[in-house]
Amino acid sequence: MTASSYSLTEFVEDLQKITAEHSEDSSILREVTPLAQRFAADPTWRDEKHYEADEEQGIGFHLLHEEPDNTLAVFAISWLPGKGVGPHNHRTWSVVVGVDGTELNIFWKRTDDGDKPGFATIEETSRRDIGNGEVIGMDGNTIHSVINDGDQTTLSLHVYGLHLNHSGRSLFDPLANTEEKLIVKVQD
């Protein structure tokens with residue numbers, strides 16, 4: 001281990017400390033963001049299997065860590081060329097760091113009041129490419145979509161306050177004006 005290495009164990013211990021000391025998303029994001037960048041930059045956690053993706057989803061969700069109560073979920077996520085996920089929220093804080101390749105993130109704003117189940121209107125607000133070492137921190141209400149518009153599989157590190165399949169997050173269709181529950185298949 002070199003002086004600059006930062007292991008998954010060390011990263012998780014820091015996440016536990018931060019979330020024990022802070023409850024506001026903004027405070028957690030401020031503290032977690034530089035640590036997620038530091039961990040993502042350490043190549044010792046990466047494995048070739050992290051580039052494998054579910055062909056049907058077009059994405060590979062590789063769980064690196066999760067607490068027994070489903071909090072503090074850390075994933076390596078791979079994106080096949082031309083694949084992605086439509087507009088969705090996380091309903092928990094999240095930090096995403098580009099590791100290998102560039103992913104296009106499109107940000108959206110909800111424009112209806114959210115009172116009608118299954119119905120939602122959203123509009124695009126901005127776009128941002130996330131490349132190696134670049135980071136996005138999002139609160140639980142942020143809506144974004146992601147696409148790998150390149151010709152190589154990309155890899156990114158994702159850190160969530162709560163495992164995605166336990167957060168009650170939603171997938172939005174801006175053309176049909178619908179909102180539905182989003183669950184993903186996690187690789188072994």
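The values are calculated or read from the model by the stated rules, or taken from the named source; none is laboratory data. Everything numeric in this text was worked out from a predicted model, so none of it was measured. No Cβ is skipped: glycine too gets one built from the backbone with ideal geometry, and neighbour counts run over all protein chains shown.
Go through the range 93-116 and give me each residue that's over 26 Å from Ser27 (Cβ atoms) and β-branched (Val, Ile, Thr).
Of everything in the range 93-116, those that are over 26 Å from Ser27 (Cβ atoms) and β-branched (Val, Ile, Thr) turn out to be Thr102, Ile106, Thr111.
Residues in the range 154-168: is at least one surrounded by fewer than 16 Cβ atoms within 10 Å (Cβ to Cβ) and within 21 Å of Ile59 (Cα to Cα)?
yes
Looking at the range 88-102, can you tell me whether even one residue there is at positive phi, touching a residue at least 12 places away in the same chain (Cβ under 8 Å) and within 15 Å of the chain's Cα centre (by Cα)?
Yes: one or more hits.
Table: residues versus (1) within 21 Å of His65 (Cα to Cα); (2) within 12 Å of the chain's Cα centre (by Cα); (3) not charged (D, E, K, R).
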site	(1), (2), (3)
Asp129	no, no, no
Ser145	no, yes, yes
Asn148	no, no, yes
Leu155	yes, yes, yes
His158	yes, yes, yes
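Scan the range 48-57 and give yes if some residue there is within 13 Å of the chain's Cα centre (by Cα) and modelled with pLDDT of 95 or more, otherwise no.
Checking the range 48-57: not a single residue is within 13 Å of the chain's Cα centre (by Cα) and modelled with pLDDT of 95 or more.
Which residues, taken from the range 10-31, are out of contact with any helix residue (DSSP H, G or I) (no Cβ under 6 Å at 6 or more places or on another chain) and either among the aromatic types (Phe, Trp, Tyr) or under 30 Å from Gln152 (Cα atoms) (or both)?
Once the filter is applied, which keeps residues that are out of contact with any helix residue (DSSP H, G or I) (no Cβ under 6 Å at 6 or more places or on another chain) and either among the aromatic types (Phe, Trp, Tyr) or under 30 Å from Gln152 (Cα atoms) (or both), the range 10-31 yields Val12, Leu29.
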